[in-house]
Structure formats: C-alpha cells, structure tokens
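The values are calculated or read from the model by the stated rules, or taken from the named source; none is laboratory data. Just so we're clear, the structure is a prediction, and the values are computed from it rather than from any experiment. Because the Cβ atoms are built from the backbone with ideal geometry, glycine has one as well, and the counts that use them run over all protein chains shown. The protein model used for the area step is the full one, side chains on, heavy atoms only, and it has no ligands, DNA or RNA in it. Shrake-Rupley method; radii C 1.70, N 1.55, O 1.52, S 1.80 Å.
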Amino acid sequence: MNPQTPRRVVYTALVGQYELLNEQPMARESDIEFVCFTDDPDLTSESWSIRLIEPRFPLDQVRSARFLKTRGAQLLGDYDESLWIDNSVVLTRRPDELLDEWLAGADLAIPLHSFRTSVLGEFDAVATEGYDDPARVYEQLIHYSTLRPAVLTARPYWTALIARRHGAATDEVTRLWNDHILRYSRRDQLSINFVVASVGLTVNGIDIENLGSQWHQWPVRNAKKWTITQDRMAGALRPPTAEVGRLQNEVTALRADVDSKLAALQDIEQREHDLAEKVAALPDQEKLHAHYRGSTSWRVTAPLRAASRILKRR
C-alpha cells in the first residue's frame, strides 16, 4: 500500500436479528474492507466481513446498535478513515470515491436532511410520530433550547451515511454523541447538530436527496423479523402483573363493545315494535296505504311519480 493512501473501512451493524443484511455490490469494486458488527452467530455475507459482538445493552438493541454507529470505529482496528452506512442503505459508487470527495477539507462529512428543514422539525416528527418517548424527547428539546437555541433552527443531518477521518476531534464528537443518545432520545439525528456545535468541529454537510443520489439508494429493505424484536422487547420490559393488567383492559374493552352493540340492537327492536303498534292502530285502508308506502316498489317508483306531478302542472 502507498504510504500516502489512507487506511479505510466501511462498516455497519445488525443487532437483534430483526432484519436481513443487505449485500453491497460495490464491495466487489473496491479494495476497502466492508465490516458488519452483529450478534447473530449464523449471519453470513458475500460482501461483508462478519464480526460477532456481544450487544452493549442486551435488552436495548437500538442503543446497542447506536453505540456501534457512533463508537464502532474504535473497535475496528488501525484505520485512518471510515464510512458508516445504515443497513437500509446500498452504495451505488465505490466508497473510496465517496471518501475522497466528502472528506476533502473536512474531518467529518454527513448528508443534510433533504425533507426536514430544521432540527426543531425533527424533534416534532420524532415525538408526534411515536419514534421515542415524548417525555424524554421534550426534555431534550428544553435542554437544547436553553443551552444552544440556534441549533434548533439549523438544517438537520441525515445520519444514514457518515464519513470520518479518525483523530482526536472526531473521537470527541462520537464520544459526546453516544453520551447524548444514552441520556436523551435514542434517535441520534436529534443530537448530532448539538454535539458538533458543542465540540466546535466543522462538518461537511453533503446536500443530496436522502431517497437516492449518485452515491446511494435508500431505503433498501429486506424482510424484517418484527415478531422477534417485538416479542423479545415485550418479554424483557413487561412484568407479569402488567401482562395481567393488559389482558384485563382488553376484556373490559371487548365487554364495552359488546354492550354498545346490544344497546343498538335493542334500540332497533324497540323502534320496530313501536312502528308495528302504530300501524296496528290505523284503519284498514290506512294500513294498506302505509304498507304500500313502505314497500320497495313504492320507493323505486318515487322519481316517476315526481316527474308525473311536474308534467301535470305544465
């Protein structure tokens, strides 16, 4: 290797076995190693070198993956530059070309969000769309608005791709970023703008469409094993007493639904009974008239009778 050529790596993480690993065709076009951190001992790949790890937080798969995203470069070995890509991203250009361009004059390069105009808008989306606990999200927002309000009006970064040159400055960014993910929301895009502003590092914001560019495609989704994730987290977080309470709530809701339907049925039956009594009290001729007015043929021929009345008036 040329002494002037930086040692580079592309890496991702797949923790929790909740989705399948995307292959990266560009790995065949490049000498750069592609590394996937995973806790799945059965995972294999044609384009990734698999590195088996123990999740940092066994019952918090999201933050375990976030740790690898922010601090994984420290686990990779002796590299000068790295490119993080989310598993839902597939590269369409060689990573060496991307790193050459994105890191020209910068130690850290992250795409800008192409459909969110402010960090405040990102906070709103996370809270209102249920991506994380609103109480924790709003606490984070209050703290940021007190400490660095200008950050909230900045255009947010889109962290599915992160290019970095390893060194003290980027190490401080990733360390503090991981701290914020642990302290506040696990949604890392809420904290990255605040963190780089706090460290004072200049970021090369790459202005590309998040859904696809000359560099990538996103989202590329393989089949998700949602039940694995949901069952595992539900079993970890819900004590037996809470499960009993959930079942009681479901029974109560079902009973209320049944009671509502029975009340509606009883109301219909009462209306039919009242109508039958009124018809029975009518003279025979009026009964016959009421019968015809309630018949299907009478309703269907209503437009014809109306037209006949109009013609008679002319």
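Name the long-range amide H neighbours of S114: under 5 Å, sequence gap of 5 or more, or other chain; modelled H, no Pro or chain starts.
N210
Go through the stretch 72-78 residue by residue and turn each phi into a ³J(HN,Hα) via Karplus (6.51, -1.76, 1.60, θ = phi - 60°); whole Hz please, and just put x for glycine and proline.
x, 4, 6, 9, 6, x, 8
Given 0.36 nm per residue, what is the gain on full extension from E139 to S114 after removing their alpha carbon distance, in nm?
6.4 nm
Name the residues whose placed amide hydrogens come within less than 5 Å of the amide hydrogen of E33, ignoring near sequence neighbours (fewer than 5 apart) on the same chain.
Those qualifying (amide H under 5 Å, at least 5 residues apart or on another chain) are V10.
Provide the gained length on full extension for the span D267 to S88, in nm with one decimal, where the gain is 0.36 nm per separating residue minus the Cα-Cα distance.
Net length gain for the segment: 59.0 nm.
What value does the stretch 136-195 have for Rg/Rh, both radii from Cα atoms and Rh as Kirkwood defines it?
Here the Rg-to-Rh quotient is 0.96.
Starting from the 7 Å offset along Cα-to-Cβ, what nm value, one decimal, do you get for the label separation of A276 and L254?
3.3 nm
Given a Förster radius of 41 Å and the C-beta distance between T128 and S49 as r, what FRET efficiency does 1/(1 + (r/R0)^6) yield to the nearest 0.05?
Here the calculated transfer efficiency is 0.55.
In sequence order, what are the phi-derived ³J(HN,Hα) couplings for the stretch 133-146 according to the Karplus relation 6.51 cos²θ - 1.76 cosθ + 1.60 with θ = phi - 60°, rounded to whole Hz, with x for glycine and proline?
So the Karplus estimates, Gly and Pro as x, are 4, x, 4, 5, 5, 6, 4, 4, 4, 4, 5, 5, 5, 7 Hz.
How would I208, I268 rank on accessible area, largest to smallest, probe 1.4 Å?
Largest to smallest exposure gives the sequence I268, I208.
Residue by residue through the stretch 264-279, what is 3J(HN,Hα) from phi via Karplus (6.51 cos²θ - 1.76 cosθ + 1.60, θ = phi - 60°)? Round to whole Hz and write x for glycine and proline.
5, 5, 5, 5, 5, 4, 5, 4, 5, 5, 5, 5, 4, 5, 5, 5
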